[in-house]
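The values are calculated or read from the model by the stated rules, or taken from the named source; none is laboratory data. Note that the structure is a prediction, hence the values are computed from the model and not measured. Virtual Cβ from ideal backbone geometry, glycine too; neighbours counted across all protein chains shown.
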Amino acid sequence: MATSIVLNFFLLCLLLFSASPTLSASNELPKTGFITLPVKKDPATNQYYTSIGIGTPNHKLNLAIDLAGEFLWYDCDTRYNSSSYLPVPCDTQKCPQNSPCIGCNGFPTKPGCTNNTCGLSITNPFADTIFSGDMGEDLLHIPQIKVPRSFASGCADSDRFSTPLLVGLAKGTKGILGLARSQLSLPTQISSSYNVPPKFTLCLPSSNTKGTGKIFIGGRPSSRANVARIGFALTSSEEYFINVKSIMVDDKVVNFDTSLLSLDKNGNGGTKISTLGTPYTVLHNSIYKPFVRDFVKKASDRKIKRVKSVAPFEACFDAGSIDDLDMGPAVPVIELLFDGGLKYEMFGHNTMVEVKEKVLCLAFVDGGKKAKNAVVLGGRQLEDKILEFDLSTSILTFSSSLLLQGETCSDPVLN
């Protein structure tokens, strides 16, 4: 009898030990040496998002992908709770400098409602306000591993704000996965926890119905695609800028004031890479006008018939007058030029969008005369390419279109 009691006690302790959220967290990376996250494209907004689990129990959340986001944040409304959540106290080394100290007196303690807590400014690029959120640590569940409770993120209770916290984000998303050059971004924290290089790779899908793209953190699989490497243009901003020197359409340099491509220390001018809120590349008006003019001229040389514009696009064409190739519609090739003769090529797959039956438009938009940046390279122009962002070397590695190899970002070969 005594032996049975002791055995039962031992089994109970073993069960409790295995259920502990802190002790059960894996510290082992996959055998590949890197983490893989799925990327999907929302058909209504053309936003890209991934799925991550947070907390105990595991809350699976869809998060919009934002290259400008400083950290991962999510909506921890009144219906959300997690037994493994730990708020980060004020006046600790983990709390970023100049962060406010916030409290939640008079309400039940839960994620997003604790006292003496390090505050974070929650930014949604579609909202006209900045939200106040808590900085907390919790378990992070991603497909291959469970990151220990030291992972820090932002948590904001949407029920406490008059302005919708998730306004503008794709339906079903519950926050933003920030991938900026910051100390709290997912790649930086994964690098610190697992001693892997602080880098990540985007492979954005072009289809919202056929398969998924990928985010690789800490490394990436090999590919047959040719790659080029350029340095980031560094500023006080934590966003990603590149030094484009000129733009070409079918080997003809577009004539505009190239001083617009110069970037100042505050992130004005220059060329920025964006994934959220920029489904199509945005050009300063002084670049957009000659760029469209040159594209239309080159398209006319190919006997491509122009049709009425469809907002927000200016240059639209009769799809019946355009041949369809492996690289997409056979239209003039657009290239961004860098020092040393390096080029970022964009074929029809990346430059045209079908706006209605038998009408294709040039997927670039006019940012106006007061645009902050000369070029904001948008999602359409990033799809089905490998883009590796190395935060330690400030190097961007980009591939040619995967379609040249008969692949896409949705292919199993890139898993």
Determine, yes or no, whether Lys297 is loosely packed, with under 14 Cβ neighbours inside 10 Å, among the basic types (Lys, Arg) and touching a residue at least 24 places away in the same chain (Cβ under 8 Å). no
Mind checking whether some residue in the stretch 50-57 is touching a His at 6+ places or on another chain (Cβ under 9 Å) and either closer than 18 Å to Thr123 by Cβ or among the aliphatic types (A, V, I, L, M) (or both)? yes
Can you say whether Ser401 is touching a Phe, Trp or Tyr at 6+ places or on another chain (Cβ under 8 Å) and not assigned by TED's automatic domain parsing to the domain that holds Thr45, as far as the supplied structure shows? yes
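Based on this model, can you work out whether Val282 counts as out of contact with any helix residue (DSSP H, G or I) (no Cβ under 8 Å at 6 or more places or on another chain), of a type in the set (A, V, I, L, M, F, W, C) and crowded, with 22+ Cβ neighbours inside 10 Å?
Numbers: out of contact with any helix residue (DSSP H, G or I) (no Cβ under 8 Å at 6 or more places or on another chain): yes; of a type in the set (A, V, I, L, M, F, W, C): yes; crowded, with 22+ Cβ neighbours inside 10 Å: yes.
The answer is yes for Val282.
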Top-ranked residue of the stretch 175-216 - restricted to ones that are modelled with pLDDT under 95, β-branched (Val, Ile, Thr) and in contact with a strand residue (DSSP E or B) (Cβ under 8 Å, 6 or more places away or on another chain), ranked as surrounded by the fewest Cβ atoms within 10 Å (Cβ to Cβ): Val196
Residue identified as modelled with pLDDT of 95 or more, within 23 Å of Leu177 (Cβ to Cβ) and either assigned by TED's automatic domain parsing to the domain that holds Pro125 or among the polar types (S, T, N, Q) (or both) among Thr235, Thr281: Thr281
Answer residue from the stretch 315-326, given it is surrounded by 19 or more Cβ atoms within 10 Å (Cβ to Cβ) and under 30 Å from the mean Cα position of the chain (by Cα) and is farthest from Arg293 (Cα to Cα) among those: Cys316
Residues that are within 30 Å of Asn195 (Cα to Cα): list the strands (runs of 3 or more DSSP E) wholly contained in the stretch 341-415 that include at least 3 such residues. 387-390, 395-399
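In this structure, does Ser153 turn out to be part of a strand (DSSP E or B) and either at pLDDT below 95 or touching a Phe, Trp or Tyr at 6+ places or on another chain (Cβ under 8 Å) (or both)?
yes
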Across the stretch 113-130, what is the total count of residues that are farther than 21 Å from Asp66 by Cα, in a loop (DSSP other than H, G, I, E, B) and touching a Ser or Thr at 6+ places or on another chain (Cβ under 9 Å)? 1
In the stretch 167-218, what residues are part of a strand (DSSP E or B), closer than 25 Å to Thr351 by Cα, out of contact with any Asp or Glu (no Cβ under 8 Å at 6 or more places or on another chain) and of a type in the set (Val, Ile, Thr)? Ile215
Hey, Asn255 outside the structural domain of Val333 (by TED's automatic domain parsing) and either farther than 28 Å from Lys41 by Cα or not aliphatic (A, V, I, L, M) (or both) or not: no
Just to be sure I understand the filter: pairs with C-beta atoms under 7 Å, separated by 6 or more residues or on different chains, first member in the stretch 172-193 and under 13 Å from Leu140 (Cβ atoms), second member polar (S, T, N, Q) and modelled with pLDDT of 95 or more. Which pairs pass? Leu177/Thr50
